Amino acid sequence: MDELDSVFNSALRSRIFEHREVLLPDYVPLELPHRSAEVKRLGEVVAPALRGERPSNAFIYGLTGTGKTAVTKYVLRRLSEAAVQSESQVSAIYVNARERETPYKVLADMAEQLGLRVPFTGLSIGELFSRIVKRLSRLTGIYIVVLDEIDYLVRRGDDVLYDLTRVNEQLGQSKVSIIGITNSVKLIDSLDPRVKSSLGEVQLVFSPYNAEQLKDILSSRAAKAFKEGVLDDGVIPLCAALAAREHGDARRALDMLRVAGEIAEREGAEKVTEDHVRRARAEIERDKVTDVIRTLPLHSKLILAAILDATGWGVTQVTTGEIYDTYRKLVRDLNLEEVTLRRVSGVLGELDMLGIIAGRIISRGRYGKTRVVELAVNPNTVADALSEDPLVGPVLPPKARVRQLRPDAL
DNA sequence: CATCCACCGGAAATAGGGGGGC
DNA sequence: GCCCCCCTATTTCCGGTGGATG
């Protein structure tokens, strides 16, 4: 038996997990603690579909990890079950706009869920849209379209959204209603007023969970996910407390719990301890940062390297202008074309959105208005991720001096 | 209190690489 | 083949702007 066999074998008989998948982000549980009011409310919204009436469009707002997606999927699953029972024609189409990224891909995903085969590129949005409409007009029944993380669709112009809200005008036997999900309040205002009024027929707001509620959620999942007695007493409270700090993000809490279990398993530990949770938290953070940086375009990486350099490995704050100067030196070393200051400003905004850096716009009066920026993550992680790039790696700034980094633990 | 710095950030346009329909 | 489309990264152009300074 070689090494790989033993890896496989230990995976076959986990000492820690019973049903690990229960902790995965896309798992929809059979019950949703502390969301019964929301479940009921959304249920009332979609229920008319069972009578063949088009449900109102709805807009769901709440921060990440507040159960928006889980509640929606849960309610729609129950709705389809009820529809089968009562022999009414109700179908749900779920599209995550962040995963699908562009209007084209969102529509392509919808088309496929309607049983349409479409090329992954080449068609115009309009063509794709009319194929969907054509398809729908041949079908009968109620179609509930869920657009999750709809902000990613709106940011690229909301024409598609507008067209979708009025698709019923072109249909006969079938009807479409839309449930939009977002975690950005600002989004609602930035919408075309017509879309806003149409989509906002019903609005649901999901509030964050507190630590107590998170504990309940974790406990009910952990009971299925883990073997009996493998969790130390402090594990769930710690996950709950850590996630409660980050605006009550249940997904975060579940991730921590799962990864803590994975670490314990990798190490062959008998139990999952609070220490495993702390390390899980650090590992999640590190992986997230590494993934993001790895997929950055070249110049974004170079700009990030410039920030690393200009801040002395995260010790100080720097302005856009300082970053630009440092960036230009780097680029000259590499004999590359440099991007404009406008672009650097844009990239800084993107890095901020991604949570890699934290910046704010300040005015220094006579000395101008600019953005001051600092690293928002561990500089070592950034440096490691950047050094993977064959072009960027060699021009990374040397670590200025050994300094005590903030421990990842509490 | 007007001035003016050092950028901010919207809009439109382009380049260049992916592909259609007919 | 021809002409059209999508998408990302970037450029060009340009009208702001908070507040220390004179």
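Values as computed for the structure displayed
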read-out: Residue-span extension gain [residue A:336 to residue A:5] - 0.36 nm each, minus C-alpha spacing; value: 114.4 nm
read-out: Of A:215/A:271; A:73/A:301; A:73/A:196; A:68/A:271, pairs whose Cα-Cα distance is over 26 Å; value: A:73/A:301; A:68/A:271
read-out: Cα gyration tensor, chain A - rounded (a/c under 1.5), prolate or oblate; value: oblate
read-out: At R0 = 25 Å, FRET efficiency that the Cβ-Cβ distance of residue A:292 and residue A:102 yields, to 0.05; value: 0.85
read-out: Extended-chain gain in nm, criterion 0.36 nm per residue less alpha-carbon gap, residue A:137 and residue A:85; value: 16.2 nm
read-out: Under 14 Å from the residue A:170 label point (7 Å along Cα→beta-carbon), backbone N, region A:111-152; value: A:111, A:124-139
read-out: Qualifying trypsin sites (Lys or Arg not before Pro) in region A:156-247, DSSP loop, other Cβ atoms within 10 Å at most 11; value: none
read-out: Residue A:233-residue A:270 pseudo-label distance in nm [points 7 Å out on the Cα-to-Cβ vector]; value: 1.8 nm
read-out: Reachable aspartates and glutamates, given that their alpha-carbon falls under 12 Å from the alpha-carbon of residue A:329 and they are not under 8 places away in the same chain; value: A:309, A:337, A:338
read-out: Mean-position separation - Cα centroids, region A:10-41 and region A:113-138, in angstrom; value: 35 Å
read-out: Helical mean residue ellipticity (222 nm; -39500 (n - 2.57) per DSSP H run of 4+; nearest 500) of chain A; value: -15500 deg cm²/dmol
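Just so you know, all these numbers are worked out from the coordinates, no wet-lab data involved. Since this is a predicted model, take the numbers as computed values, not measurements. All Cβ positions, even for glycine, are placed from backbone atoms using ideal geometry, and neighbour counts span all protein chains on display.
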